[in-house]
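Enquirer: One structure, as structure tokens, below. Some questions next.
The values are calculated or read from the model by the stated rules, or taken from the named source; none is laboratory data. The shown structure was predicted, so the numbers you read here are calculated from the model rather than taken from an experiment. Cβ placement follows ideal geometry from the backbone for every residue including glycine, while neighbour counts extend to all protein chains displayed. These area figures cover heavy atoms from the full protein model, side chains too; ligands, DNA and RNA do not enter into them. Shrake-Rupley method; radii C 1.70, N 1.55, O 1.52, S 1.80 Å.
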Amino acid sequence: MDLVSKLARLGASVVDRFQLQATIRREYDRVKREVELKTPGNPAIHGYKVYSQSDEDGILAYIFSKISTDHVFVEIGCGNGLENNTHALILSGWRGIWIDGNERNIRAIRAAVPRNNRLVYECKMITVDNIVSTLKSSLGELGTDSTDLLSVDIDSNDIYVLSEAIKHIKPKVLCVEYNAKFPPPMDVKVRLPSARWTGDDYQGASLQSFVNTIEPFGYHLITCNLSGVNAFFVRSELADKFPRYTTTELYQPARFYLRHLASGHPASLKFLANAVAEGTQGHI
């Protein structure tokens, strides 16, 4: 292929990518307008993406703008750090814990980011049996016994791990991945113990199942993100800071294509490494 042909092919590729991004952006904005119309004040309309999979960064920022916080998080299922719910929080002055069961992911983080009292990370497969001891040990390294945010995304026993965790700790906010294939009032969940997710629909639990399980522990559903992946709960005493809607009204169907909306250049761990090493607040 000659140079002219290569440049022409590259140009077409770039145009295709721009057109795809424009299409996703239009769809995202359409869904946001629809949600705002149906559920005014819904935190989902404040979403945006920095390092999150979709719009979770903006939703969390909005939620915590409404409630006081000590800026401590725990994320179970942090991946390799390039795409998760708390990377942006660290750049905003938070500190916390990353846990992931994939050694390759933790190895990548370890190679780029120092482990200290700004960010504690660990490779461990989290289960109902070890979640409480793991949280207590990791929070001890941070010098605290409480957390403001608990984010759980392990694609299998999430609902069981979460319900065991909140028997012992009481985060102000919970971010949990739900199975959007099953709209309310369908109450379905994997059996315990379950095998690791194999990519089919036998994964996690429906939104209604999370609501039925978590509400008795003193939590209230306040929103779901627009891609239909994560649900957000706050402690009941904080729920009056957000509009009240039913589970059916807050449910968002699976729109996984929205995760492909770009947020600038490809992600790296470089700003994160600076923030953790220097112990200073970054800018996002």
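Enquirer: Could you pull out every whole DSSP H run in the chain that spans at least 15 Å of Cα extent along its own axis and averages -1.0 or higher on the Kyte-Doolittle scale?
Expert: Values: long enough: 3-38 (52 Å, -0.40); 56-66 (16 Å, 0.36); 131-142 (17 Å, 0.77).
Once both thresholds are applied, what remains is 3-38, 56-66, 131-142.
Enquirer: Mind running the shape call on the range 179-261? Use the C-alpha gyration tensor, a ≥ b ≥ c as the square roots of the eigenvalues: rounded below 1.5 for a/c, prolate if a/b tops b/c, oblate otherwise.
Expert: On the way: a/c = 2.13, a/b = 1.32, b/c = 1.61.
It is oblate, given that a/c is not under 1.5 and a/b is not larger than b/c.
Enquirer: Right, another one. Quick check on packing: order 232-244, 174-186 by the mean number of other C-beta atoms within 10 Å, highest mean leading.
Expert: For the peptides 232-244, 174-186, the packing ranking is 174-186, 232-244.
Enquirer: Also, I was wondering about something else. Across all directions of projection, what mean area in square nanometres is found for the Cα convex hull of the range 103-216?
Expert: On the way: hull surface 31.2 nm².
Mean projected area of the Cα convex hull: 7.8 nm².
Enquirer: While we're on this one: With +1 on each Lys and Arg Cβ and -1 on each Asp and Glu Cβ, how big is the dipole of the chain about its Cα centre, in debye rounded to the nearest 20?
Expert: Values: 32 positive and 32 negative charges, 103 e Å.
Value, rounded to 20: 500 debye.
Enquirer: Rg/Rh for the chain to two decimals, with Rh computed the Kirkwood way over all alpha-carbon pairs. Spell out each step's value before the answer.
Expert: On the way: Rg = 19.3 Å, Rh = 19.6 Å.
Radius of gyration relative to Kirkwood radius: 0.98.
Enquirer: Taking the Cα centre of the range 92-133 as origin, work out the dipole magnitude from +1 charges on Lys and Arg Cβ and -1 charges on Asp and Glu Cβ, in debye rounded to 20. Could you put the intermediate results ahead of the total?
Expert: On the way: 7 positive and 4 negative charges, 51 e Å.
Charge dipole, the range 92-133, about its Cα centre: 240 debye, nearest 20.
Enquirer: Which of the pairs Lys136/Lys167; Lys32/Lys170; Lys66/Lys124; Lys49/Lys167; Lys49/Lys270 have their Cα atoms more than 23 Å apart in this structure? It would help to have the intermediate numbers written out before the result.
Expert: Details: Lys136/Lys167 13 Å; Lys32/Lys170 31 Å; Lys66/Lys124 33 Å; Lys49/Lys167 31 Å; Lys49/Lys270 18 Å.
Result: Lys32/Lys170; Lys66/Lys124; Lys49/Lys167 exceed 23 Å.
Enquirer: Here's something else I'd like to know. Counting only protein heavy atoms, what percent of the accessible surface of the chain is carbon or sulfur at a 1.4 Å probe?
Expert: 54 percent
Enquirer: Post the alpha-carbon centroid distance, the range 70-96 to the range 222-284, in whole angstrom.
Expert: 11 Å
Enquirer: Right, another one. Given 37 °C and 0.692 mPa s, compute D for the range 1-153 with the Stokes-Einstein relation, Rh being the Kirkwood radius over Cα pairs; round to the nearest whole µm²/s.
Expert: On the way: Rh = 17.9 Å.
Value of D from the Cα-based Kirkwood radius: 183 µm²/s.
Enquirer: Could you give the distance between the Cα centres of the range 115-129 and the range 142-166, to the whole Å?
Expert: Cα centroid of the range 115-129 versus Cα centroid of the range 142-166: 11 Å apart.
Enquirer: Sticking with this one: Express in nm, to one decimal, how much length is gained between Arg17 and Glu103 on full extension, taking 0.36 nm for each residue of separation and deducting their alpha carbon distance. Present the calculation step by step, with values, prior to reporting the outcome.
Expert: Details: separation 86, 0.36 × 86 = 30.96 nm, distance 3.25 nm.
Net length gain for the segment: 27.7 nm.
Enquirer: For the range 1-131, what is the accessible area per residue in Å², given a 1.4 Å probe and the full set of protein chains?
Expert: Dividing the accessible area of the range 1-131 by its residue count gives 49 Å².
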